[in-house]
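Asks: First, the structure itself, so that you have it in front of you.
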Amino acid sequence: MNVTTIDWVIIGAFFVISLLIGILTSKKAGSSAKEFFLSGRNMPWWLLGVSMVATTFSADTPNLVTDIVRKNGVSGNWAWWAFLLTGMLTVFVYAKLWRRSEVTTDLEFYELRYSGKGAAFLRAFRAIYLGVFFNVVIMATVSLAAIKIGGVMLGLSPIQTLLMASIVTVVYSSLGGLKGVLLTDFFQFFIAMIGAFGAAYFILDLPEIGSLQGLLSHENVIEKLDFVPDFDDPNVYIPLFIIPIAIQWWATWYPGAEPGGGGYIAQRMLSAKDENNAVGATLFFNIAHYALRPWPWIIIALASLVVFPTISDMQTAFPEIPADKLGDDLAYSAMLTFLPTGLLGIVLASLIAAVMSTLSTHLNWGSSYIVNDFYLRFIKPEASDKELVAVGRISTVALMVLSAFLALALSSALDAFNILLQIGAGTGLIFILRWFWWRINAYTEISAMAISFVVAIFFEVINPNVNWIMIPENQAYLKLIYSVSFTTAGWLLVTFLTWPEKDEVLLSFYRKVHPASWGWKKVLDRYPGEKQVTGQLPREIGLMLVGSIMIYSALFATGFWIYGEALAGSIATVVALAGGVIVYRSWKYIS
């Protein structure tokens, strides 16, 4: 590629601004651990919402979408579109509950909701399991995307790319804490969106494509355009649509889409000014993430089927790319090599922004687990704020180094996505019910975590080599169904075979968080003086459904208008607007 001086100036300016934000916020961030990890719990909804969107707009996300579209068409995106349902459940049910809990991290929740050695074990183990292991895997997939972009667009080796992508990110993340991350995310989000839309617009004008109409009528693309899969073939529509929409969204755990909220989404909600700002931030995030962003990625993915119909075509065009890094997800970066001077610099800066915004959030989030839920809680409870910030900064660097090494061993973002879904299968329902059902205890979560991991190892490591249960190759989705079934049956059995938490622990949690009282009635009835409040749960669940229909309608309305289907686009637009009116008018009842 011919990256000119203008392009490098744009990229350099982006790096300088990102570093300046980290430097300018470093003094405030270093004043205390809560300031470093929660920005003083005083953040507005719009800043938090944009940060959530920027974090999920990682460089590996368009790669993942491209991989999905090339393999399974537009309808294959239900693999992640289905997570809108749990996102809207978080908006209308759980955002307020998280903010009321006033914990520093979502892992601190364990010793608020449970007690004893079980709660302590959960907090310590998951601090390392999620903060280090899972977190490093996620950052490695992001770094893998950076490697592919650097190799295709700049001709850089994997190590060169990782050094460039990680050094600036580590510097401003370790200096500025969460506030530095939030402000940098805000700046990076707009760069990323301009780059994505600009790239899609220009690529449609390539001679090989000709126009939007030329793309949509191309023989390689026509069969990839449907929003839902072909319902004549169960081996297509069951894994691509039925499983995600019926099971995956509530039954699996995935970072950024945890049922009931969690991880860095919970971190943003916990740093909000108040409950309303927590709800507003998560609502904005879901609208932007599902309705605003996907189409530029989808258009570029479809265009890649015209320019690079097969992986071998990409291999011919980019012979310097290592064989283990070649895959359908490489097509997104390959298409960006056609961009002109100036726009190329903006797009490169936008991709760097996508990498850095995700890495910075995961570095701060993972570091918060290591510091608050492991070091402070179990290693040195008397540690000063200055020491905790220092440990946070050291762990930030360590997490980046570990993820960089793992990135060198990975080959596909989609492979990592599927593995993470498999490991979390069957645990999601616990995260939904633990706020509303008194009977769930620490051993419920421990057993679910252990069973889901063992089942995942069986299906992903042992069974592919032996195939003891004879799953047909075209019915691999059965692995997720089996995993959810085994894990759910296991943790339910453990729940009823173990003692519930002590009444004083349950009452303390209930009084602080004020969940709907229906699932707590058996405990509350033992204390006649205890106030039982049913709250707005039915209305909130209703709004979750209305909000989901609103955002799906907006997503598909955009698609219909792009496809030139005016009637369908008009109907979907009206439905989306009607949903927006209902949500707006109902806001006062849930706030």
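No lab work stands behind these numbers, since they all come straight from the coordinates. Here the structure is a predicted model, which is why all the values come from computation and not from measurement. As a convention, Cβ positions derive from the backbone with ideal geometry for all residues, glycine included, and neighbour counts pool all protein chains shown.
Asks: How many nm separate the modelled label positions at TYR129 and ASP205, each set 7 Å beyond the Cα in the direction of the Cβ?
Replies: Result for the modelled spin labels: 5.2 nm.
Asks: Under a Cβ-only charge scheme (Lys and Arg +1, Asp and Glu -1), can you give me the dipole magnitude of the range 17-81 about the Cα centre, in debye to the nearest 20?
Replies: 180
Asks: Find out how many positive minus negative residues lie around LEU48, taking Lys and Arg as positive, Asp and Glu as negative, among other residues whose Cβ is under 10 Å from that of LEU48.
Replies: +1
Asks: Mind giving me the nanometre distance, one decimal, between the label points for ARG526 and GLU504, set 7 Å out from Cα along Cα→Cβ?
Replies: Placing both labels 7 Å beyond Cα along the Cβ direction yields 1.3 nm.
Asks: Cut-off under 16 Å on the C-alpha distance; same-chain residues fewer than 8 positions from LYS224 excluded. Which lysines are left, in chain and number order?
Replies: Result set, ordered by chain and number: LYS71.
Asks: So if we plug the beta-carbon distance of PHE496 and ILE17 into 1/(1 + (r/R0)^6) with R0 = 60 Å, what FRET efficiency do we get, rounded to 0.05?
Replies: Efficiency, rounded to the nearest 0.05: 0.60.
Asks: Treat every Asp and Glu Cβ in the range 76-187 as -1 and every Lys and Arg Cβ as +1, leave all other atoms uncharged, and give the resulting dipole magnitude about the Cα centre to the nearest 20 debye.
Replies: Dipole size: approximately 220 debye.
Asks: Something else now. Less than 12 Å Cβ to Cβ from SER173, Lys/Arg counted +1 and Asp/Glu -1: what total charge do the surrounding residues give?
Replies: Around SER173, the surrounding residues sum to +1.
Asks: Here's another thing I want to ask about it. So, by mean Cβ neighbours within 10 angstrom, what's the order for 487-495, 294-302, 264-272, 203-211 with the highest one leading?
Replies: The densest-packed peptide leads the list: 264-272, 294-302, 487-495, 203-211.
Asks: Further, regarding this structure: Tell me, what is the FRET efficiency for ILE541 and THR337 to the nearest 0.05, using R0 = 45 angstrom and their Cβ-Cβ distance as r?
Replies: About 0.45, to the nearest 0.05.
Asks: Lysines near LYS521 by alpha-carbon distance under 24 Å, same-chain residues fewer than 8 away left out - which ones?
Replies: In chain and number order, the partners are LYS96, LYS502, LYS512, LYS531.
Asks: Per residue of the range 168-176, what does 6.51 cos²θ - 1.76 cosθ + 1.60 with θ = phi - 60° give for ³J(HN,Hα)? Whole Hz please, x for Gly and Pro, Karplus curve as stated.
Replies: 5, 4, 5, 4, 6, 5, 6, 7, x
Asks: Which of [x] 25.7; [y] 24.6; [z] 26.5 is the computed Kirkwood radius over Cα pairs in Å for the structure on display?
Replies: So the structure-derived entry is [y].
Asks: On to the next question. Please give the contour-minus-distance gain from PHE197 to SER157: 0.36 nm per residue of separation, less the Cα-Cα distance, rounded to one decimal in nm. Spell out each step's value before the answer.
Replies: On the way: separation 40, 0.36 × 40 = 14.40 nm, distance 2.77 nm.
Between PHE197 and SER157, full extension yields 11.6 nm more.
Asks: Next question, about the same structure. What net charge is computed for the residues neighbouring PHE121, neighbours being all others with C-beta under 11 Å from the C-beta of PHE121, Lys and Arg scored +1, Asp and Glu -1?
Replies: Taking every Cβ under 11 Å from that of PHE121, the sum is +1.
Asks: With n ≥ 4 as the cut-off for DSSP H runs, can you work out [θ] at 222 nm for the chain, using -39500 (n - 2.57) per run divided by the number of residues, rounded to the nearest 500?
Replies: Details: 29 runs with 382 residues, N = 591.
Value at 222 nm, helices only, nearest 500: -20500 deg cm²/dmol.
Asks: So what is the relative contact order of the range 5-413, in percent, for Cα pairs below 8 Å that sit 6 or more residues apart?
Replies: 40
Asks: Dipole of the range 5-413 (Lys/Arg Cβ +1, Asp/Glu Cβ -1, origin at the Cα centre): which of ILE379, GLY22, LEU48 lies farthest to the positive side?
Replies: Farthest towards the positive pole: ILE379.
Asks: Still on this structure, please answer the following. Here are some pairs, LYS27/LYS380; LYS28/LYS273; LYS34/LYS273; which of them have Cα atoms lying more than 22 Å apart in this structure?
Replies: Working: LYS27/LYS380 24 Å; LYS28/LYS273 17 Å; LYS34/LYS273 14 Å.
In this structure, LYS27/LYS380 lie more than 22 Å apart at Cα.
Asks: Exactly which trypsin sites (Lys or Arg not before Pro) in the range 523-591 are in a DSSP loop and have at most 14 other Cβ atoms within 10 Å?
Replies: In loop regions of the range 523-591 (DSSP not H, G, I, E or B), the sparsely surrounded trypsin sites (Lys or Arg not before Pro) are ARG526, LYS531.
Asks: Quick one: Karplus J couplings for the range 202-216, per residue in order, coefficients 6.51, -1.76, 1.60, θ = phi - 60°, nearest Hz, x for Gly and Pro?
Replies: Each residue of the range 202-216 in turn: 5, 4, 5, 8, 5, x, 5, 9, x, 5, 4, 5, x, 5, 5 Hz.
Asks: Now for a different question. Once both labels are modelled 7 Å past Cα along the beta-carbon direction, what's the VAL228-ASP385 spacing in nm?
Replies: If labels sit at VAL228 and ASP385, their model points lie 5.5 nm apart.
Asks: What is the magnitude of the charge dipole of the range 5-413 about its Cα centre, with +1 placed on the Cβ of each Lys and Arg, -1 on the Cβ of each Asp and Glu, and no other charges, expressed in debye to the nearest 20?
Replies: With Lys and Arg at +1 and Asp and Glu at -1, about 1640 debye.
Asks: Another question, if that's okay. Stretch ILE394-LEU24 to full length: gain in nm at 0.36 nm per residue minus the Cα-Cα span?
Replies: Length difference between fully extended and current span is 131.2 nm.
Asks: Out of PRO296, LEU112, ALA200, whose Cα points farthest toward the positive end of the dipole of the range 5-413 (charges: +1 Lys, Arg; -1 Asp, Glu; placed on Cβ)?
Replies: LEU112
Asks: Looking at the range 501-559, what % of the alpha carbon pairs are farther apart than 16 Å?
Replies: 56
Asks: Residue by residue, what Karplus-based ³J(HN,Hα) values in Hz, rounded to whole numbers, does the range 576-583 have, using 6.51, -1.76 and 1.60 with θ = phi - 60° and x for Gly and Pro?
Replies: 5, 5, 4, x, x, 5, 4, 4
Asks: Going by average Cβ density within 10 Å per residue, which order do the peptides 563-575, 108-120, 512-524 take, highest to lowest?
Replies: 108-120, 512-524, 563-575
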